[in-house]
Amino acid sequence: MMKGLKKWRLFSLLTVMTVFLSACGEEYISTLRPAGAVGKEQLDILILAIWIMTLVVVVVSAIYLVAFFKFRRTKVGENHMPKQVEGSHTLEVIWTVIPIILLIILAVPTLTYTYKFADVAAMDEVDEEGNKTALTVNVTAKLYWWEFEYPNQGIITAQELVVPTGEKVYFNLIASDVKHSFWIPAVGGKMDTNVDGINKFYLQFDKESAGLNDGEGVFYGKCAELCGPSHALMDFKVKALEPEAFNAWVTAMQATEGQTADRESSDIGEATFANSCLGCHAVSAVAGNGLGPNLTTFGDRNRVAGFLEHTAENTANWIKDPEPYKPGNTMTGTYNVSPEEAEAIADYLMTLSVEK
Ligand SMILES: [Cu+2]
């Protein structure tokens, strides 16, 4: 009796938790509150599967309960011999055909959507002038950060993906060191980024970020493949802009062509940065892939290194010694600056912005 009671308590606890936790999904990160067409369709498949599973559980439980109560020994008598159904064709056909039907109901939409989500033919379409019509982003995952290159616009950024709403955005996914996985939970995915071989898919961003700051509808992105000690900190942010604002952002990014830090600058921050950091961190968006994140838009970021609160203080602390923040990162130990210089650099980096 006691044991049954304990089980009952556990069961009630789980039920209550289900009810309460189901409301926990924040819009910027929840797969259950999709903010794009792909995420919605993926959720539809999930719900279909849950309905089918629920149906099976309900029917099986009902049959079990009927058998349990109706055919108790105390009810049917000690010597009752139930009807023998071994080898019954009818029964075997029934319990073979029903699961097959259920699997077909599940398989048809799943396969259809799987092929649909992998359809990236539009990536190669061009207009009369030979320009690519679809927006493509080359994503490179690196320990422990993300690089986003827009090949047709000739710009590159890091840590924060900027996309237009209402159109399909195509992704070429690759990793430069170990396997990672690109995931924007609220919008769809995820897909592995491999070291050799490009994975391609598309996402659609239907909900505009209300503002470009954290808490204003900026979506969260995650690495979804265990890749090393700082895997859990390998986050990025996604800013979904209406097409006009997106185009303005692209133009502002393109205008940073040739921008650099000056070794002779009277600003100690800029001069030190030019000497010690520029080799890994470009400050122009029209640059190639970097050993470190492109910092052209550093002042516009929501986070430092993808996860720390975006303040000059955190930036300076990160520069002084990034190791405690992200163990195993590839910046640690590659330069030498004094604490004062680190603080001056942090102030300089905060001024780098295209979002004005
Ligand atoms: Cu990872």
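Restricting attention to region 202-257, which residues are among the acidic types (Asp, Glu) and under 15 Å from the mean Cα position of the chain (by Cα)? If the condition is that a residue be among the acidic types (Asp, Glu) and under 15 Å from the mean Cα position of the chain (by Cα), then GLU225, ASP235 are the ones that fit. If only residues of region 121-140 that are of a type in the set (A, V, I, L, M), buried (at least 17 other Cβ atoms within 10 Å of the Cβ) and out of contact with any Ser or Thr (no Cβ under 7 Å at 6 or more places or on another chain) are counted, the one that is farthest from MET234 (Cα to Cα) is ALA134.
For region 214-270, enumerate the residues that are over 22 Å from THR351 (Cα atoms) and hydroxyl-bearing (Ser, Thr, Tyr). Those that are over 22 Å from THR351 (Cα atoms) and hydroxyl-bearing (Ser, Thr, Tyr): TYR220, SER230. Of the residues making up region 205-237, those that are more than 10 Å from the ligand (Cβ to nearest atom) and touching a helix residue (DSSP H, G or I) at 6+ places or on another chain (Cβ under 8 Å) are ASP206, LEU212.
Please specify each residue of region 34-63 satisfying the condition of being closer than 22 Å to PHE205 by Cβ and in a helix (DSSP H, G or I).
ALA37, VAL38, GLY39, LYS40, GLU41, GLN42, LEU43, ASP44, ILE45, LEU46, ILE47, listed by residue number.
Read the figures in this text as sums done on the coordinates, not as results from a lab. What you see is a predicted model, and the numbers here were worked out from it, not measured in a lab. In this analysis, Cβ positions are derived from the backbone assuming ideal geometry, glycine residues included, and neighbour counts consider all displayed protein chains.
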